[in-house]
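K.L.:
First the structure, which I've put down as structure tokens, then a few questions once you've had a look.
We did not get these values from a lab; they are worked out from the coordinates using the rules stated. Owing to the predicted nature of the structure, the values given are computational and were not obtained by experimental measurement. For neighbour counting, all protein chains shown are included, and Cβ atoms are generated from backbone atoms with ideal geometry for every residue, glycine included.
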Amino acid sequence: MKVNKIDHICVAVKNLDEARKKWEPILGKSPDDPYVDEPEKIRVARYWLGDVGFELMESTSPDGDVAKFIEKHGEGIMLIGFNVDNTRKAIDELKGKGYPFIGGARPFRDCEFAFVHPKAVNGVLLELIDYKWKPHERG
């Protein structure tokens, strides 16, 4: 498995609109890619900082993973995403080395992602994603 780059960093927030008011003066822009991911129960404001996505994530449901994270840890950095060539191959390789995953590969747009359990990587929720970013998609 090869990590190509840090793909994105996600900050869990209680209120996306209020968080945007705090972050956008620092970032100097509006989101490059705002979206809602219904299966993951999140509303996201994604900003491109060079080749890395910076995401503010709000739960769309009280039982969503972001809401549960905030309930347990408070608002803050929830996960770091690493871009890989093939998520399923990365899962197989890391499972072979004893790394536990939370579920399996999940779909997102035209790619897949998966989560390495935080207990295996110093308490960090690590996402592996094989999205092929195109230059025109970056802000």
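K.L.:
Let me know the shape class of the range 28-97, please: from the alpha-carbon gyration tensor, a ≥ b ≥ c as square roots of the eigenvalues, rounded when a/c is under 1.5, otherwise prolate if a/b is greater than b/c, or oblate.
P.N.:
oblate
K.L.:
Check Lys5: other-chain or 5+ apart residues with amide H under 5 Å from its amide H, H built from backbone geometry?
P.N.:
Asn83
K.L.:
Just checking my list (i) 49, 26, 25; (ii) 44, 37, 26; (iii) 37, 33, 25 against Cα extents along the principal axes in Å computed from this structure; which label fits?
P.N.:
Derived directly from the coordinates: (ii).
K.L.:
Helix-only mean residue ellipticity at 222 nm, the chain, DSSP H runs n ≥ 4 weighted -39,500 (n - 2.57), per residue, nearest 500. What is it?
P.N.:
That calculation yields -6500 deg cm²/dmol at 222 nm.
K.L.:
Something else about it: Identify the GluC sites (Glu not before Pro) of the range 49-95 meeting these criteria: DSSP loop state and at most 16 other C-beta atoms within 10 Å of the C-beta. Present the calculation step by step, with values, prior to reporting the outcome.
P.N.:
Working: sites: Glu55, Glu58, Glu71, Glu75, Glu93; in loops: Glu75.
Here the GluC sites (Glu not before Pro) that fit, given the DSSP loop and packing criteria, are Glu75.
K.L.:
Turning to a different aspect of this structure: Projected onto the charge dipole of the chain (+1 at Lys/Arg Cβ, -1 at Asp/Glu Cβ, origin at the Cα centre), which of Ser30, Gly98, Pro62 gives the Cα projection farthest towards the positive end?
P.N.:
Result: Gly98.
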